[in-house]
1. How many residues, within the range 124-152, are of a type outside the set (D, E, K, R) and over 14 Å from the mean Cα position of the chain (by Cα)?
2. Anything in the range 72-101 that is in contact (Cβ under 8 Å) with a residue 24 or more places away in the chain and either in a helix (DSSP H, G or I) or surrounded by fewer than 20 Cβ atoms within 10 Å (Cβ to Cβ) (or both)? List them, or say none.
3. Please go through the range 244-258 and give me each residue that is surrounded by 24 or more Cβ atoms within 10 Å (Cβ to Cβ) and under 18 Å from residue 157 (Cα atoms), ordered by number.
4. Test residue 121 against the stated conditions and say whether it is under 29 Å from residue 45 (Cα atoms), hydrophobic (A, V, I, L, M, F, W, C), crowded, with 20+ Cβ neighbours inside 10 Å and in contact with a strand residue (DSSP E or B) (Cβ under 8 Å, 6 or more places away or on another chain).
5. Every residue in the range 210-232 that is crowded, with 16+ Cβ neighbours inside 10 Å and farther than 20 Å from residue 138 by Cα, please.
6. Taking residue 130 as the residue in question, decide whether it is within 15 Å of the ligand (Cβ to nearest atom) and touching a Gly at 6+ places or on another chain (Cβ under 8 Å).
7. Hey, can you tell me all the residues within the range 80-97 that are out of contact with any Leu (no Cβ under 9 Å at 6 or more places or on another chain) and either within 14 Å of the ligand (Cβ to nearest atom) or closer than 23 Å to residue 112 by Cα (or both)?
Amino acid sequence: MPTARRASLLRLDPLLGSPAPSSSSPRAVAPSVDALDRHVAIEIPRVFSEAERAALVAGVRAARDEWTADFGGEQFSLGRAFYTHLEQGRSRLYFADAAASDDRVERHLPGLQRRMRELVAALTGGLAQPRRGFCGPGVHIFPAGEKVAREGGVVHFDTEGLSDYHLTRRRRAITVVVMLELPDADGGLKLWDVLYDGRGDPGDAVLPAPSLVAGYSPGGALVIDSYRMHQIQPFPGGRDRISATVHAAEIDSGRWETWF
Ligand SMILES: [Fe+2]
């Protein structure tokens, strides 16, 4: 049963600024992802330093010719995102291109995929491994003035990539988004006190439920339960919204698989 109590945000100090040296030797931090039982999101400022963030944005822009266009150019990605391909009937392309997708991300944003997996490892205190056959962490670009900027994103859960086995047992799953370039204003993430109940489309009846809009900071992360209803908020101005995303599902106790 949803409760208003959960509509709160937990802000971590930048404990994760020096992530574990590799995903095979994770470093547990407290409070961990367990806090998502009590908060709608965990905010982690300064996952990337300003210099790292700026370099990543420059890398994304330099890779313009290799972005993937989704939904007719409403949004783009560097690296292929599972949900966009599923919704466009292009899942075969997603899997066929997974290795090349990882190559593109690594070539233009060296170390980003590793850093995102390290973040998952640090948050969970577990192992964070690439999900076999899937594309690794990548970047979403929501252009200024385009549909998401004008209207906001679709209200949804991040359950598309979860197996039926995982979904029916409500095994743990998280989404980690690091903001690389903030729009001029707004563009936060609205989070409701509503969790996935087996229906992929939440419908309008739950929209009045308690919610909050979590803001991003440049180079900072928001971590959410993938089963939580959420929506990218509209944003004004002439600057694109660029963010890095990793999805993670706990396959066995302490072992998480990651993808984009
Ligand atoms: Fe999402």
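1. We begin by selecting, within the range 124-152, every residue of a type outside the set (D, E, K, R); these are 124-130, 133-145, 148-149, 152.
With the extra rule that they be over 14 Å from the mean Cα position of the chain (by Cα), the set shrinks to 124-130, 133-134, 143-145, 148-149, 152.
Selection size over the range 124-152: 15.
2. Within the range 72-101, 73, 74, 82, 83, 86, 87, 94, 95, 97, 98, 101 qualify.
3. Going through the range 244-258, the residues surrounded by 24 or more Cβ atoms within 10 Å (Cβ to Cβ) turn out to be 244, 246-248, 256, 258.
Scanning the range 244-258 gives 244, 246, 247, 248, 258.
4. On the way: under 29 Å from residue 45 (Cα atoms): yes; hydrophobic (A, V, I, L, M, F, W, C): yes; crowded, with 20+ Cβ neighbours inside 10 Å: yes; in contact with a strand residue (DSSP E or B) (Cβ under 8 Å, 6 or more places away or on another chain): yes.
It is true that residue 121 is under 29 Å from residue 45 (Cα atoms), hydrophobic (A, V, I, L, M, F, W, C), crowded, with 20+ Cβ neighbours inside 10 Å and in contact with a strand residue (DSSP E or B) (Cβ under 8 Å, 6 or more places away or on another chain).
5. 210, 211, 212, 214, 215, 227, 228, 229
6. On the way: within 15 Å of the ligand (Cβ to nearest atom): no; touching a Gly at 6+ places or on another chain (Cβ under 8 Å): yes.
Criteria not met by residue 130.
7. If the condition is that a residue be out of contact with any Leu (no Cβ under 9 Å at 6 or more places or on another chain) and either within 14 Å of the ligand (Cβ to nearest atom) or closer than 23 Å to residue 112 by Cα (or both), then 81, 82, 83, 84, 86, 87, 93, 95, 96, 97 are the ones that fit.
Here, each number is a calculation from the coordinates, and none is a lab measurement. Worth saying up front: this structure is predicted, and the values here are computed from it rather than measured. All Cβ positions, even for glycine, are placed from backbone atoms using ideal geometry, and neighbour counts span all protein chains on display.
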